[in-house]
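> What follows is a structure written as C-alpha cells; I'll ask about it next.
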Amino acid sequence: MGKKPSFASTQSSEWTVEAIEHYDLEIGRVARNYGLDCYRHQLEIITAEQMMDAYASIGMPVYYHHWSFGKHFLETENRYKRGQMGLAYEIVINSDPCIAYLMEENTLAMQALVIAHAAYGHNSFFKGNHLFRQWTSADAIVDYLIFARNYIAECEERHGIDEVERLIDACHALGNLGVDRYKRSPPLSLVKEQLRQKERAEYLQAQVNDLWRTLPRSALAEEPETEHRFPAQPEENLLYFIEKNAPLLEPWQREIVRIVRKINQYFYPQRQTQVMNEGWACFWHYTLLNTLYDEGKLSDGFMFEFLQSHTNVVYQPPYNSPYYSGINPYALGFNLWQDLRRICENPDDEDREWFPDIAGSDWRETLNFAMANFKDESFIAQYLSPRLMRDFRFFAVLDDDSRSKLRINAIHNEQGYRELRQKLSEQYNLGSADPNLQIWNVDLHGDRSLTLRHFTHRRRGLAEASFAALDHLAYLWGFTVRLEQQSPDGEVRLLGERKPERRRRF
Amino acid sequence: MTVRIVDRRQDSKNKSSINRSRFIRRFKGQIRKAVADAIARRGIRDLDNGEKIGIPSRDISEPQFRHSRSGIRENVHPGNDRFLPGDEVDRPLDGGGGQGRGQASKEGEGIDDFVFTLSRDEFLDIFFDELALPNLIKRQLAKIEEYRRVRAGYTHTGVPTNINLIRTMRGATGRRIATVGPQASRLRELQEELEKLLALRPDDDPEVKRLEREIAALRARLGTVPFIDTFDLRYNARIRIPEPSTQAVMFCLMDVSGSMDEGKKQMAKRFFMLLYLFLHRAYEHIEVVFIRHHTAAEEVDEDNFFHSRETGGTIVSSALKLMRDIIQERYMSSVWNIYGAQASDGDNWSDDSPQCRELLSAAILPAVQYFAYIEITDGEPQNLWLEYETVRDFHPDVFAMQRIAEATDIYPVFRELFKKRLV
C-alpha cells in the first residue's frame, strides 16, 4: 500500500471517506474544465431517518415547528417503510457553502452520482440563475431560519402553542398566494432582522392604527369618499397585505406572518425553475461522469450502476401508463439540455431553421446563457425543439367541461410544433397555475370588511378547499371577508362571506 | 483543496419528534377515538406495542386557494400513440390509469384514512390520559423495568473485550483446514511429481520449470490464507432481561348477565388492563385467569370473556367459589402473588350477597394481595354493595371498591395499591 489508490481500481462498492474525497476531487477538476462556477460546498453524511427529517422540513437544516411538518414526516415514513418509495438520493441546500446530503446506505457509485448532481450541478445553478441571484441570499438563509425558529419558539412560550399554531395554519393556507411574483425582496440577515424586528413591530402597529383613526373628521373630507378604494391598487400578495394592514394583529403575529412569507418567497425560485434546475443537475452528472469514464478513470461496473440509476431518474412514462403522473421534470429537463448541446454541436437543417442563432455555436456559452437567464416557462418557450417534441411524442389536449369529449388540439407535427411549445410553456407558468386572487377593497368607513376578488380565466372556478382558506383569511383580518368572482366580461358575483371566529383578546 | 465532509450520522435522529408530538397533540380527539377502538380490539395483556392509527384525511388536510376541475384546461402529455389533431376522445384520457390517482393525492382530498403508527409510549400516554392517572403513576407504569445482563451464547459482532478466544480459534482452525486442505494436498502431489521428474531430467527442463512455477504460485496462495480472519471472531453475547423475578396471578371476575352491555364491558376491560399494567411492572411472570358468571361461573379464555353474552339472573358467589377453588388447586404455593379484580353492575340475588361476604372474608382475602371491586352503574347501591362495604371496613388494606360511571373513576380503586407499592 502507501500508493494512492488508482481511480479505476476502486473495486469495492462500499464507500469510504477517502474514496468520497477522491471522487469529489476528480469530479471537481472536470467540472472546472467545463467552466462550471459553483459556491464552495460541504458534503454531509446522514442516515435514512435523518433524510426523512430533512424531507419534513423542506431540506432545511433548521426550521420552525408545526404539526403539518409532523404530518409530512409521518407520510414519508409510512411510504418509505411500506417500500412504496425510495428516498431521494440527495437533498441540496441553496446556501453558501452549499450543503449536499449523502445517505449512508448508498453505494460509492451513487455517492459519486450525488456529488456530481448536487454539489456541482444544482450548486452551479443556484449560483448562476438570475432568479436565485435576485431573490435569494445564499449566505444568509440559514441564519434567517435560526432567527425564525427561535422567534416562533419564543412566541409559543409567551402566547401558547395553540395561538401560534392557529396563526401559522392561517399563514400556510395563504402561502401559495403570499409571494411577490415580480419585485425583489431585500436580502435577509440574522443580525439585521433581530435589530430591525422590534423597531418594525412598533412602527407597523402605529401605521395600521392610523388607518382606523377615530378622530372626528372635518365635514369637508366627508364628501368625495365614494370612489376611493383601499388598497388603491389591488394587491395579489395576500400575506404581505395582511402583514402590513390587518388591523387587529399583535406585533408578534405580524412578525410570524412575515416569517412565513419570507420563507415562502425564498423557495419561490425553486418552484419556478424545477425543470431547468433538475435537468441541469442531471445533464451535468451525466456529462461529468461520462467524461471521467472517457478518461479511463471509472470502471465499467461503476458506469453500469450509474447508468441504471440515471435512466430510472430520467424515465418518462407515456400518458397511458399506470406509472404516469404528469411530465417528469427530470426527464424533460435533462433532454432539453442534452438537445440544446446537440443543436450547438451537430445541428441539422431543421435546427438551423428553428434556432439560427445558436445552431453551431459554442455549447458551453449557449448553455450558460440559457441557465443564467431563464425560468421554466421561458426556457421551454425558447428552446424546446421540434425533434424533442417528436421524441417525447407530445400532444395537447383541450378539456372543456361544457363539451362531452376531450379534443386533441395539437400533436408533434409541422402544424403543431409552435402551438405545442407555447402550451407546454404555459403549463409551467406558475401565475396561471394558482388562481388569480386579489385584495380588492377594504370598507374603511363601514364595517371594515375585506373583499377578495377572483378573476376567472377560461371559466376555471375555485375548489371547495378555497372556502376553508377563506376562513383562515377572515381569522387573520379579524373582520368579515368576502370572496367575489369577476368573469372576463366584467360581471361580478359574490361567492361567499366569512366572519372571523371570536378572537381571544389579551 | 479537498472538500469538507461532515459525518452527521451521530447527530440527533429525531429532529421531527417535536413536529410529530405537535401532530398528535393537534389531533388528540381523533387519535383518542382510534385508541379506544384499539383497546376494544386488544387483549388486556397486549399493552406493550404501539398502534396503527387512522385519521380521516379530510380532517388533516391543509386548505389553500386552488382551482377546481371546472372550466377549460389544456394539458400537454407525452407518449402520443394514436391521436391526430382534431380527434375527439372520451374522458378520461387513458381510461383511468395513473392520472386519476395522481390528481386525487395532489388535491389531498382522497377519502382514505391517513394512517400512521403510535409508539408504545404515545399509546400508553393516551390510555392513561383517559383514566386520569396521576403523573407519578404514569411515569412509573410506563417505565421499562430495571434490567439484568445475562449471557446468551455467541455473536459475530461486539467489542474487543468480549472476544471469546476459544470459539474464535476453533472457527479459525476450521476455516484454515477448509480453505487450505485441497490446495495443500495438490501441493504435495506437485512436489512428489517434481522430485520424480528431477531424477530423470535436468534442472532447466521446461516441464520442471512449469512445475516449479505452479508450486510457487500455490505456495503464494496458501500464504495469503490468514491465520485469523475478522470472519472468525466470536464474542460473548449478553442480553438484558427484566429484573423483577417473582410471579403473580390475576383473577378477572365479571358478571356477564344480560344487564352488562357492551359499554359496561369496555369499562371493565380498562379496569382489568390497568391492574394488569401495574402487575406487569411489578412481576416478571403473570398469569391471568378469566372467570365469568351469571347464575353459574366458568373459567374461559379472554376472547369469550369479553365477547360472549348470556342472559338470566346473577349469583355472584358462584364466581367467588370458583376463584377460591382455582386458588387452592393451582396457586397455593407461596411463590404466587394473587390479585383479584371484579366487575359487575351490582345486581345479585339478595340471598346470595351475604354468602359473598363470607367467601371473601374467610377464603379469598386472606390469600390475596389485593382485591378490587367496581360496580358499573348509575342506579342506587344494592345489597351486594352494602355487604361489600362491611368487608371493606374489616379489610381496608387489601380490599377496595368503587362505583363507576366514567373511565376516570377507575383509578381511585387502585389508589391504595399504587400507594403501597410506590412508597
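> I'm told residue B:263 meets every condition in (1) in contact with a Leu (Cβ under 6 Å, 6 or more places away or on another chain); (2) within 30 Å of residue B:308 (Cβ to Cβ) except one. Can you identify the failing condition by its number?
All conditions pass for residue B:263, except number (1).
> Within segment A:386-396, which residues are within 25 Å of residue A:352 (Cα to Cα) and either over 27 Å from the mean Cα position of the chain (by Cα) or within 7 Å of another protein chain (Cβ to nearest Cβ) (or both)?
A:386, A:387, A:390, A:391, A:392, A:393, A:394, A:395
> Which members of segment A:361-399 meet the condition of being more than 18 Å from residue A:314 (Cβ to Cβ) and of a type in the set (Gly, Ala, Ser)?
A:361, A:370, A:372, A:378, A:381, A:396 - these are the residues of segment A:361-399 that are more than 18 Å from residue A:314 (Cβ to Cβ) and of a type in the set (Gly, Ala, Ser).
> Shifting gears a bit: Report, by residue number, each residue of segment A:305-314 that is farther than 22 Å from residue A:386 by Cβ, at pLDDT 90 or above and either basic (Lys, Arg) or under 24 Å from the mean Cα position of the chain (by Cα) (or both).
Answer for segment A:305-314, where residues must be farther than 22 Å from residue A:386 by Cβ, at pLDDT 90 or above and either basic (Lys, Arg) or under 24 Å from the mean Cα position of the chain (by Cα) (or both): just A:310.
> Among the residues of segment B:164-195, write down those that are charged (D, E, K, R) and exposed (fewer than 13 other Cβ atoms within 10 Å of the Cβ).
Once the filter is applied, which keeps residues that are charged (D, E, K, R) and exposed (fewer than 13 other Cβ atoms within 10 Å of the Cβ), segment B:164-195 yields B:188, B:189, B:192, B:195.
> List the helices (runs of 4 or more DSSP H) that sit entirely inside segment A:120-179 and contain at least 3 residues that are away from chain B (no Cβ under 14 Å).
In segment A:120-179, the matching helices (runs of 4 or more DSSP H) lie at A:123-128, A:130-135, A:141-159.
> Which of the helices (runs of 4 or more DSSP H) found entirely inside segment A:344-394 contain at least 3 residues meeting this: more than 30 Å from residue A:32 (Cα to Cα) and not aliphatic (A, V, I, L, M)?
A:349-354, A:386-392
> Further question: If we scan segment B:41-53, do we find a residue that is within 13 Å of chain A (Cβ to nearest Cβ) and at pLDDT below 80?
Filtering segment B:41-53 for residues within 13 Å of chain A (Cβ to nearest Cβ) gives B:50, B:52-53.
Those left that are additionally at pLDDT below 80: B:50.
Within segment B:41-53, one or more residues are within 13 Å of chain A (Cβ to nearest Cβ) and at pLDDT below 80.
> If you check A:300, A:294, which single one turns out to be without any contact (Cβ under 8 Å) to a residue 40 or more places away in the chain and out of contact with any helix residue (DSSP H, G or I) (no Cβ under 9 Å at 6 or more places or on another chain)? Please lay out each step first, then the result.
Working: A:300 fails: out of contact with any helix residue (DSSP H, G or I) (no Cβ under 9 Å at 6 or more places or on another chain).
None of the others qualify; the one that does is A:294.
> Here's something else I'd like to know. Scan segment A:31-83 for residues that are within 30 Å of residue A:164 (Cα to Cα) and either of a type outside the set (Gly, Ala, Ser) or more than 7 Å from every other protein chain (Cβ to nearest Cβ) (or both) and report the count.
The total comes to 28.
> Tell me which of these residue B:317 doesn't satisfy, since it passes every other one: (1) in a helix (DSSP H, G or I); (2) buried (at least 21 other Cβ atoms within 10 Å of the Cβ); (3) within 30 Å of the chain's Cα centre (by Cα); (4) not acidic (Asp, Glu).
All conditions pass for residue B:317, except number (3).
> Moving to a separate point now. Going through segment B:326-376 one residue at a time, which ones are within 23 Å of residue B:285 (Cβ to Cβ) and of a type in the set (Lys, Arg)?
B:330
> Taking residue A:391 as meeting all but one of (1) free of Cβ contacts under 8 Å to residues at least 24 places away in the same chain; (2) more than 20 Å from residue A:121 (Cα to Cα), write down the number of the exception.
Result: residue A:391 passes all but (1).
> Continuing with the same structure: Quickly run through segment A:105-150 and pick out the residues that are among the β-branched types (Val, Ile, Thr) and either free of Cβ contacts under 8 Å to residues at least 12 places away in the same chain or crowded, with 21+ Cβ neighbours inside 10 Å (or both).
Looking only at segment A:105-150, we keep the residues that are among the β-branched types (Val, Ile, Thr), and these are A:107, A:114-115, A:136, A:141-142, A:146.
Across segment A:105-150, the qualifying residues are A:114, A:115, A:136, A:141.
> Within segment B:276-295, which residues are in contact (Cβ under 8 Å) with a residue 60 or more places away in the chain and in contact with a Cys (Cβ under 8 Å, 6 or more places away or on another chain)?
Residue satisfying the conditions is B:288 alone.
> Against the condition touching a residue at least 40 places away in the same chain (Cβ under 8 Å), surrounded by fewer than 16 Cβ atoms within 10 Å (Cβ to Cβ) and within 14 Å of another protein chain (Cβ to nearest Cβ), how does residue A:376 come out, does it pass? Write out each step before concluding.
Details: touching a residue at least 40 places away in the same chain (Cβ under 8 Å): yes; surrounded by fewer than 16 Cβ atoms within 10 Å (Cβ to Cβ): no; within 14 Å of another protein chain (Cβ to nearest Cβ): yes.
So residue A:376 fails the test.
> Got a sec? Which of A:157, A:222 is modelled with pLDDT under 65 and farther than 29 Å from residue B:66 by Cβ?
Only one candidate passes the filter, namely A:222.
> Okay, moving on. If you take the residues of segment A:453-498 that are of a type in the set (Lys, Arg), farther than 16 Å from residue B:63 by Cα and surrounded by 18 or more Cβ atoms within 10 Å (Cβ to Cβ), which of them is nearest to the other protein chains (Cβ to nearest Cβ)?
The selected residue is A:460.
> Does residue A:294 qualify as being over 25 Å from the mean Cα position of the chain (by Cα) and farther than 30 Å from residue B:82 by Cα?
So residue A:294 fits the description; yes.
> Can we say residue A:359 is surrounded by 17 or more Cβ atoms within 10 Å (Cβ to Cβ), more than 10 Å from every other protein chain (Cβ to nearest Cβ), modelled with pLDDT under 95 and farther than 19 Å from residue A:427 by Cα?
yes
> Moving to a separate point now. With respect to the numbered conditions (1) in the same structural domain as residue B:303 (by TED's automatic domain parsing); (2) in a helix (DSSP H, G or I), which one is the sole condition not fulfilled by residue B:259?
Unmet condition: (2).
> Is it fair to say residue A:261 is touching a residue at least 60 places away in the same chain (Cβ under 8 Å) and within 14 Å of another protein chain (Cβ to nearest Cβ)?
Values: touching a residue at least 60 places away in the same chain (Cβ under 8 Å): yes; within 14 Å of another protein chain (Cβ to nearest Cβ): no.
No: the conditions fail for residue A:261.
Conditions tested, residue by residue: (1) more than 15 Å from residue A:480 (Cβ to Cβ); (2) away from chain B (no Cβ under 12 Å); (3) crowded, with 17+ Cβ neighbours inside 10 Å; (4) in contact (Cβ under 8 Å) with a residue 12 or more places away in the chain.
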residue: A:398; (1), (2), (3), (4): yes, no, yes, no
residue: A:403; (1), (2), (3), (4): yes, no, no, no
residue: A:412; (1), (2), (3), (4): yes, no, yes, yes
residue: A:416; (1), (2), (3), (4): yes, no, yes, yes
residue: A:420; (1), (2), (3), (4): yes, no, yes, yes
residue: A:440; (1), (2), (3), (4): no, yes, yes, yes
residue: A:444; (1), (2), (3), (4): no, yes, no, yes
residue: A:450; (1), (2), (3), (4): no, yes, yes, yes
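The values are calculated or read from the model by the stated rules, or taken from the named source; none is laboratory data. Worth saying up front: this structure is predicted, and the values here are computed from it rather than measured. Neighbour counts run over all protein chains shown; Cβ positions are idealised from the backbone, glycine included.
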